[in-house]
Structure formats: structure tokens, C-alpha cells
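Enquirer: Submitted below is the structure of interest, expressed as C-alpha cells.
Derivation of every value follows stated rules applied to the coordinates shown; laboratory data play no part. The structure presented is a predicted model; accordingly, all values stated were derived computationally and were not measured. No Cβ is skipped: glycine too gets one built from the backbone with ideal geometry, and neighbour counts run over all protein chains shown.
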């Protein structure tokens, strides 16, 4: 009996599609459904405020273990240097000019007599028309929960979350807000007196994970800690009072808050392991912006929260996903929190959406590959007053940031200020502390980056304040006036 043979004739394009489809089906058969995601976004944690980033004072054994199990990014950035705009950028994948959230309202900060320009008006909350990361996951059937600081609208339930514990427009828990009874934070009213807020947010997160262990879930864990007011557990504060600090890292209350945060991160990680979800879950750990320099020095990085020098925007970042990420790796690719939106789109198989994005997917980097080198941009057309004039290490003692914008490209970083049109250029490869402005001796490099920055501002329709403030007084001396 003659044997018949089936021959499939395909075009090259169809053949590639056939291979990709079967690769997807095989991968899905081996690994199962799309992974869960736990995204831990700590508030105001500095770049060097953990053991895995080099601190000898702060004790973070659980974060150190996470770093050994995942990939540490040494050039990770927030898209803004303070809380609300950074979170708005993370959640939407859009840079500040697109959503208009530049700061914690208002934009006219500092003494009116010291502001030369009328700043751009700030948008306090995200528009409901803008798609969020939570809505991405929800569109794919994920259960979604947020546990902690939201800060970009009054109610995260309108922005794609099924569950909200503790999140509204508030940027910090308020006076004595780290211990119950809590100050006007939603869904935390039933709490035993003296309960710790970070502990409670963790227990709520664990309950959510446990309840959804058979489903796919996105857990967003934006702890209020380590934002001010600084309040630590007494036994931990006493511990660090007896420990020698160094290099401007010696605040025992802040250290106590970091250790307690670390302990709670460990509880979440252990829960994933105990439930058999460890290999099915992507864990991201990062900070929303740089730390406050007067509380914890980030030397050699210059300045801190609120500044667009490195200390204000460079943040710790670890991503763990055992299926594809090699353990204990470090990566120096410049990435920004804008990148998570397109990364999660690729994870979920979403190729296009009706929303302009400013980041790129870092999925190839997580798999050990590379992405095309690109410039990173920051735009801040407003004022942010000094936190501590002696310690801020900003451009001048009155403001952490004056109106301007910044570009980082191939280790070159250029700052452009709108009040006087001045620029500063730094080579981060040999001057990570941004101490030596080389704009005058690298004229062509300065022109190139300045033109790239101007082109980007035009493309994104970034507002540039130009109206002079009639109350500005160039001779006004706040200290002299105070005396």
C-alpha cells in the first residue's frame, strides 16, 4: 500500500507566523498562564538606602536576597523627582507634559519674591481618559489591588483597581499616621490602636494574594514608608541608636522605617513561595524618586528628592522572574519607570493601544538581551522650594528645582533652565556627582543635546513658562528680611 505524504506549502511570512504561534502554544503549555505581578513602590527611598545598593548602615536582608534572585538595574530612573508626577508617569507610561502632573499642588512653591517666572499650572489628578497599568491588567482578566499610597486621583477604583486599601489623594499618612488609628486613609478604619501602617498594608496584600492564588493578579504595593513624618518602631529605633552610621547615613528613625519595610517585603516574598507562586510571579521593587538628602545622604550622587540632579531621579530597581531572569545579575542599561507600561503590554500580548507612550519595553533586557540606546527626558516647568538649605546641594539654596528640563544620553547629561536660559553639561561616566559643568569646553556636545531637548519639547508640546512674575524682587534676601 502506497504511503501518502502531506506537504504544507507556506510563504516565508506564514511559516514564521506558524513557528511563532507554536512556540507560544508550547511555552504556554509548559509555563501556564501569564505571570502574576507584584509591584512594590517605596516612597522616597534613596538610591543607596539599602544593603544591596551599598549601604552599611541600613539593614535590608530580604531586599538583599531579592537582589540575588533577580536583576539589579544600576542606572534606573524615575520620570520625575517627586511623588505625584513620578507615580502619574509610572501608571500611564507618559511623561509629565502629556498628563500635566508636575508636582504636589500648587506649582508656585517658595517665596513669591524669589520666583522670576510665573510657573506652569499644575494638574492635581490624572484624567479619567488616560489608561493606567491597572486597566491593562484588568482588560486581560487579572484581579487588581492597590495597597498604600495612590496620590494621583481621589479614588484608584476609577483607574482599574478592584480593591483599594489606604489610597487616595494624600501624599503621606499625616501626623502620627504610621500607627492606628489612621488619618483619613480609606478602608483602614477597623484597626487595633497602635497597629503599624506598613504592617497592615502588607497583611492586606497577603490576603489579596492568597485569595487570588488560583487566578492571575496584579498587586500594586506603594508603601507610604519611608516618607515623612519619620516614625519608627521603638525597638528598631533603639537598635540603630546604638549603631554607628557613616557618610550621612545615620538617622536611627529612618533606618528603623527601612528595616520594617524590608521585613514586610520579606513577608510578601515568603507568601509567594509558600503558595507555590514564586515561579509564576514577576516581582518589581523600586522607589518613586530619590531620597531626601537631609535625611539620608546619597553621595556621590548630588542632591535628592525634588532635584533633577542624579540624587533626585536615580532610584533602586530590582526585577525578579525566575522563568527568564538570570539570578544575581546586574544591568547598567538606563531605564525609567515610564518603561513598565510598554513592558507589561508586551507581557500581556497587547501590541497597540489608543495612547501615546514615552517609554520602551525592557522585556528584552530582562531576558538578557539589549535595547537600542535612547535619550531620557525630564520636564519640570515649575518651582520646588528648598527642603534644607544647608543639605540640599541644589543649584541654589532657595529651591531644589527651578523651572527647566533635562536630557540624559550616552552618559552625557544636560540641564536647561528657563529663568535665564543657562545650561549645564555633565559627563556621568567620570563625574556621577555632577560637580564639574563642562558645557563651555564641550561646545558641540552641549549644542547637540540642547537641540535634542528642544526638539523633544516641541514634539511633546511641553509648556515653557515665559511670563515674568511682577512680584519678583532680584534684591530680596529672605534671610535678611526674616531678621
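Enquirer: Does segment 378-482 come out rounded, prolate or oblate, given a ≥ b ≥ c as the square roots of the eigenvalues of its C-alpha gyration tensor, rounded meaning a/c under 1.5 and, failing that, prolate meaning a/b above b/c?
Expert: oblate
Enquirer: Could I ask something else about it? Per DSSP H run of n ≥ 4, the term is -39500 (n - 2.57); total these for the chain, divide by its residue number, and report the mean residue ellipticity at 222 nm rounded to 500 deg cm²/dmol.
Expert: -8500 deg cm²/dmol
Enquirer: Going by how many other beta carbons lie within 10 Å of each one, how would you line up 69, 429, fewest first?
Expert: Lowest to highest Cβ neighbour count: 429, 69.
Enquirer: To the nearest 10 degrees, how steeply does helix 197-211 sit against the main Cα axis of the chain, on a 0 to 90 scale?
Expert: For 197-211 against the chain, the angle is about 10 degrees.
Enquirer: How many angstrom lie between the Cα centre of segment 400-460 and the Cα centre of segment 51-97?
Expert: Taking the Cα centre of each part, segment 400-460 and segment 51-97 sit 23 Å apart.
Enquirer: Report the gain in length on full extension from residue 235 to residue 419: 0.36 nm times residue separation, minus Cα-Cα distance, nm rounded to one decimal.
Expert: Extra length available between residue 235 and residue 419 comes to 61.4 nm.
Enquirer: How far, in degrees from 0 to 90, does helix 83-92 lean away from the longest principal axis of the Cα atoms of the chain, to the nearest 10?
Expert: 30 degrees
Enquirer: Could I ask something else about it? Calculate the spin-label point distance for residue 68 paired with residue 396, positioning each point 7 Å from the Cα along the beta-carbon direction, and give it in nanometres.
Expert: 5.0 nm
Enquirer: Further question: Using DSSP, restrict attention to beta bridges with both residues in the chain and report what percent are antiparallel, rounded to the nearest 5.
Expert: Taking every DSSP beta bridge with both residues in the chain, the antiparallel ones total about 55 percent.
Enquirer: Given R₀ = 51 Å, FRET efficiency for residue 438-residue 158 by Cβ-Cβ distance, to 0.05?
Expert: 0.60
Enquirer: Could I ask something else about it? Diagonalise the Cα gyration tensor of the chain and give the resulting equivalent ellipsoid semi-axes, square root of 5 times each eigenvalue, largest first, whole Å. Walk me through the numbers on the way to the answer.
Expert: Working: eigenvalues 288, 173, 92 Å².
Rounded to whole Å, the semi-axes are 38, 29, 21.
Enquirer: For a protection proxy built on the mean count of beta-carbon atoms within 10 angstrom, sort 130-136, 244-250 highest first, please.
Expert: Top to bottom by mean Cβ count within 10 Å: 130-136, 244-250.
Enquirer: Also, quick follow-up: Report the gain in length on full extension from residue 270 to residue 243: 0.36 nm times residue separation, minus Cα-Cα distance, nm rounded to one decimal.
Expert: Numbers: separation 27, 0.36 × 27 = 9.72 nm, distance 2.81 nm.
Full-extension gain reported as 6.9 nm.
Enquirer: Relative to the longest principal Cα axis of the chain, at what angle does helix 12-31 sit, 0 to 90 degrees, rounded to 10?
Expert: Its long axis makes an angle of about 80 degrees.
Enquirer: Could I ask something else about it? Taking the beta-carbon count within 10 Å as an exposure proxy, list 63, 348 from fewest neighbours to most.
Expert: Ascending number of Cβ neighbours within 10 Å: 348, 63.
Enquirer: Okay, moving on. Applying 1/(1 + (r/R0)^6) with R0 = 41 Å to the Cβ-Cβ distance of residue 471 and residue 330, what FRET efficiency is obtained, to the nearest 0.05?
Expert: Step by step, r from the Cβ atoms, then E = 0.25.
Enquirer: Which whole-number percent is the relative contact order of segment 131-205 (Cα, under 8 Å, 6+ apart)?
Expert: 25 percent.
Enquirer: What is the order of 292, 231, 353, fewest Cβ neighbours within 10 Å to most? Let's see the in-between values first.
Expert: On the way: 292 26, 231 18, 353 15.
Ascending Cβ contact count within 10 Å gives the list 353, 231, 292.
Enquirer: Compute the convex hull volume of the Cα atoms of segment 42-144, divide it by the residue count, and report the result per residue in Å³ as a whole number.
Expert: Dividing the Cα hull volume of segment 42-144 by its residues yields 161 Å³.
Enquirer: Further question on the same structure: Using per-residue counts of other Cβ atoms within 10 Å, averaged over each peptide, order 401-409, 308-316, 90-98, 103-111 from highest down.
Expert: Listed from highest to lowest mean packing, they are 308-316, 90-98, 401-409, 103-111.
Enquirer: Continuing with the same structure: Given the Cα-Cα distance of residue 184 and residue 388 and 0.36 nm per residue of separation, how much length would full extension add, in nm?
Expert: That works out to 70.6 nm of additional length.
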